[in-house]
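The values are calculated or read from the model by the stated rules, or taken from the named source; none is laboratory data. Here the structure is a predicted model, which means the values were calculated and not measured. Cβ sites come from the backbone with ideal geometry, for glycine too, and all protein chains shown count toward neighbours. Note: accessible area is taken over every heavy atom of the protein model, side chains too, but ligands, DNA and RNA are not part of it. Shrake-Rupley method; radii C 1.70, N 1.55, O 1.52, S 1.80 Å.
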Amino acid sequence: MNKLYSAVQACVRLAALTLCLVISATAAMAGDRVTLKDGRVLEGELVREMDGYVWLKYTVAGLEKTDFFAPNEIEKLERDAAAAPVGDAPVVATVPPVVARPGVPKAMIITLGDEENGDMVGVYMTAEQLKKAIPYLEQELGKDGQGIVVFRIHSGGGLALEVQRLSDVIHNEYKPRFRTVAWIDTAISAAAMTAHCLEEIYFTSQGNYGACTMFSGALVAAKGRSLEDALVLMEKISARGGYDPLIMRAMQIQQPLSATIDADGIVHYYGDTTSGDFIVNRENEILTFNAITAAKVKFSRGTADSLDQLTKLMGYQEIQWVGGETKGVAWPVSRIEKMQMDFRKRVADDEKRTGEYIQSYNMQVAAAAGEPRETRAKFVGRARNTLDTIKSMVKNNPNFSFMAFGMTTEEFEEFIQQQEKILRDLMR
Amino acid sequence: MAHIQSNAHATVMKLPARRGGMPGQLAAGLLATTLVLGSAWAGVWAEPPAASQATPGKQDLLIFRNGNIMYGKIVTETPTTVRFKGSVSGIEFETDYPKTDILEIKKAATSGDAASGADPKGAVPVTIEPAKPAAAPSDGAIGTQQVYWLDLTGKFGEDISEKPIRDAMKDAKKNKADVIVLTLDADWSSNPITKEKRPDDTAQFDALFRAERIMPIFVTEMPAEWDEMPRIVFWVKDAMAGAAFMPLVSKEIYFASDGRVGGMGNLSQIFGSMGDDVVREKQRSLRLGHAEGWAITGGYDPRLIRAMARSEYVLSVKYEGGKAVLLERMPEGPDEDLLTDDGIDANEDTDRQKAAGDGNDVLTLNAATAKALGVSQGTVDTQKELLSALGLERTGVLINGQAKQIMKGWSQGLDNAKRQIRKAIEEYTEVRVEAPGDYRARSKARSTRIRKLEDIKTLLRLWGEGISGQWLQEYGVPDLATINTIQESIRIEQLKDKR
């Protein structure tokens, strides 16, 4: 929640803006079809062609994107091919499912946050997005509980409101279905609180985990009831993960912490710096684990920098990692992981351009209102297009209704209806 | 017209702050000047891809792997790069592109080519040959080690940035490097003319987050892309603030005699008295967690990072069997040395100590302390000494790669891009509606402004990672989203204009 401050600021500012919004039917993609040599068949609209190179605009899991393909990647190009129903399934790859090898578990890496696009909990890491992935995970990993989901977490925190939702999805939906583990690159604040319901946590060498103090505004700490709510919430989530609640408490408030490891290897925690054999968190400090300190108190099950190392730490000789090789990515990228990556990419673009959308819309509506009725249509048309973009942004990530407009989902829908009426009235 | 201007202006002032921060006031200024034009212009909505702004005609064509295309002239070509001169909406640029980013090069046909029936657009395909590794020494390649040398100089985060370093690592891979030596001499001066080095106690801990865009190249990207990781060696000359974190990802660090690693000692003071202490502690804690993680990656004790960052942290050292043993307390015997005290009251460094660089509120590693603490493998002052220290005096063969050209090309390109951005802004603000000021003239002026803004966008996309927020603010350069908004306002004005 170190990013809570900026989120709240954005909300307050943006909510102050006058907005008008519009609905228009999502433009259906034209029925061009590109069959790629890797087996994928993509349908959409050819927006550009040159010397055998094509730029195809198509929809992936409801999100519109444009990709570029070289001639040597293309098997067949069909213009205006009859569009097949797409449904909600992601049009990513028609790679045949990985056939399980006897005795070798199947596993998948799902990244939660990345450096390039974004890492904010509640914005780039949402419960809804994780929930959507479950049916596809079951297809790939099976329903026998033998599949493994590894959440590779890279996040500097985010919205407190998403912690409970994410924890619920992971604890109630993922853990009963899959062996679910966290592999920590960086999990700060809300990201650490999210991972805390998992019993099995591994670190990378550079991994860090903690600093969960809730605040708002200019570094103003949550106090009173809101602080107690957060502490109680995390006591419950600590129980889900099987962790001593003092650990998370030391990450939330200036709770000193020491520990002793007994002869059986069991770690005992004490809420001061003197009772235990060694200090875990100093007086007046907030706890953030690194790979060494996390391993020392057995909070981490081990430190792994590669899939091989992780496989061994998890107690296997071999794991069948689902997904294909992707340049610059150290693990196989599955279609579910690709969904996460595409989601973050889209959200990043929308986040950067939220102000632009709102500004443009305001200008377009103001321009329409300043025109005589007979020349108004072109301005209203532009405003409708921008409103569609705003709607699409919130559809892709419902948390934008709060982040960008300071509204609940219901309030946002109502607001959209008002804006549509304004645009209709402008055309009367 | 008037009320639209004021509305639009007011709204720009409300734009939320964004990453990389655009000065709302300056953006508003740009928008305000835009609206002075006031009248309509048609035909500029569709923002064509950058390439289509150039005339294909008889120009060379680059097709990039990311789908971008660019027309212009190939100035020079090496096995690994193409130096390309092009123009974006009238603004000329010349820059190097690594061939790894290029899918296809189509050279403009000469008249002879045309006569022989080449592509009517004048472009003929050129096959890109993969770069050939440097030739092995004539005395035989067996037992030799290919050494790739990369000098990192200039401003950290600007000259020393992820794109050129990534390109250099790709070049090293192509050249089959066994060892990569990175000399690190980051400019830590306050005066760009005298280049006088800032003292040890000047610090900028948060430059860590800039460094975190570079370090994954060595920690995650290269292990994923190289079949066998080369030895990564850092030779430190000056590595302060953000640059200080970079060598930590390597297990082999050497220092020059006057080398230093530090400039992160302001963590305890970084937020002053803002807000509540518990939140300030959270902020310090998470930052320290990040920084410690990078040290652990390279195999260094994270307590050294804490000593380099937090002034109240006490750390001593004693040596057992030549190895440093760190102690989180004041020395208790003659065999123990104090590294950092708590910096409180009488322990606070005096001005003289700070000026002389021998204070102990926070730790700055110099050649001697780094060696004693096991951070530095040794102190060397010449390339020959380093190769000798690495055991490569006889077997090391310096690769004739593109490192120098890549780094130089990036720095020059960056300077050029900054000049072009400033020029484009100046030209943008100078666009006037020419006499007779009719619809056609107004439209032309708007068109010019949109093009100038498009130029700025292109330059920011290409070079943005090396341009600091401070520079952007100083020259009033809006971010991409704000430029889009300004362009839309111009288009609306154009639509509203009447013949």
- Test residue A:404 against the stated conditions and say whether it is within 22 Å of residue B:480 (Cα to Cα), touching a strand residue (DSSP E or B) at 6+ places or on another chain (Cβ under 6 Å) and not basic (Lys, Arg). no
- Going through (1) open to solvent by 10 Å² or more (accessible area, probe 1.4 Å); (2) not in a helix (DSSP H, G or I) one by one, residue A:226 fails only at (2)
- Message: Among the residues that make up the range B:313-332, is at least one of them within 11 Å of chain A (Cβ to nearest Cβ), touching a helix residue (DSSP H, G or I) at 6+ places or on another chain (Cβ under 6 Å) and not in a helix (DSSP H, G or I)?
- Response: yes
- Looking at the range A:130-170, which of its residues are surrounded by 22 or more Cβ atoms within 10 Å (Cβ to Cβ) and among the polar types (S, T, N, Q)? A:155, A:167
- Message: Looking at the range B:269-300 only, could you name the residues that are open to solvent by 10 Å² or more (accessible area, probe 1.4 Å) and in contact (Cβ under 8 Å) with a residue 60 or more places away in the chain?
- Response: B:270, B:287, B:290, B:294, B:297, B:300
- Message: Test of understanding: among A:365, A:347, A:322, which residue is in contact (Cβ under 8 Å) with a residue 60 or more places away in the chain, more than 25 Å from residue A:153 (Cβ to Cβ) and of a type in the set (A, V, I, L, M, F, W, C)?
- Response: A:365
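Residue-wise test of (1) touching a Phe, Trp or Tyr at 6+ places or on another chain (Cβ under 9 Å); (2) outside the structural domain of residue A:126 (by TED's automatic domain parsing); (3) assigned to a helix (DSSP H, G or I); (4) at pLDDT 95 or above.
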position: A:361; (1), (2), (3), (4): no, yes, yes, yes
position: A:368; (1), (2), (3), (4): yes, yes, yes, yes
position: A:380; (1), (2), (3), (4): no, yes, yes, yes
position: A:395; (1), (2), (3), (4): no, yes, yes, no
position: A:403; (1), (2), (3), (4): no, yes, yes, no
position: A:412; (1), (2), (3), (4): yes, yes, yes, yes
position: A:420; (1), (2), (3), (4): no, yes, yes, yes
- Turns out the helices (runs of 4 or more DSSP H) fully within the range B:155-252 with at least 2 residues that are modelled with pLDDT of 95 or more and among the hydrophobic types (A, V, I, L, M, F, W, C) are B:162-174, B:208-211, B:242-245
- Task: Would you point out the residue of the range A:250-296, among those that are within 13 Å of chain B (Cβ to nearest Cβ), over 23 Å from residue A:214 (Cα atoms) and part of a strand (DSSP E or B), that is most open to solvent (accessible area, probe 1.4 Å)?
- Result: A:279
- Residues satisfying the stated conditions in the range B:462-483, i.e. under 23 Å from residue A:358 (Cβ atoms) and either buried (at least 21 other Cβ atoms within 10 Å of the Cβ) or not assigned by TED's automatic domain parsing to the domain that holds residue B:452 (or both): B:472, B:477, B:478, B:479, B:481, B:482, B:483
- Which residues, counting only those in the range A:210-230, are within 9 Å of chain B (Cβ to nearest Cβ) and more than 18 Å from residue A:254 (Cβ to Cβ)? A:217, A:218
- Message: Any residue that is at pLDDT below 95, touching a Lys or Arg at 6+ places or on another chain (Cβ under 7 Å), assigned to a loop (DSSP other than H, G, I, E, B) and closer than 30 Å to residue A:320 by Cα - is there at least one of those in the range A:186-207?
- Response: no
- Within the range A:338-350, which residues are within 14 Å of another protein chain (Cβ to nearest Cβ) and touching a helix residue (DSSP H, G or I) at 6+ places or on another chain (Cβ under 8 Å)? A:347, A:350
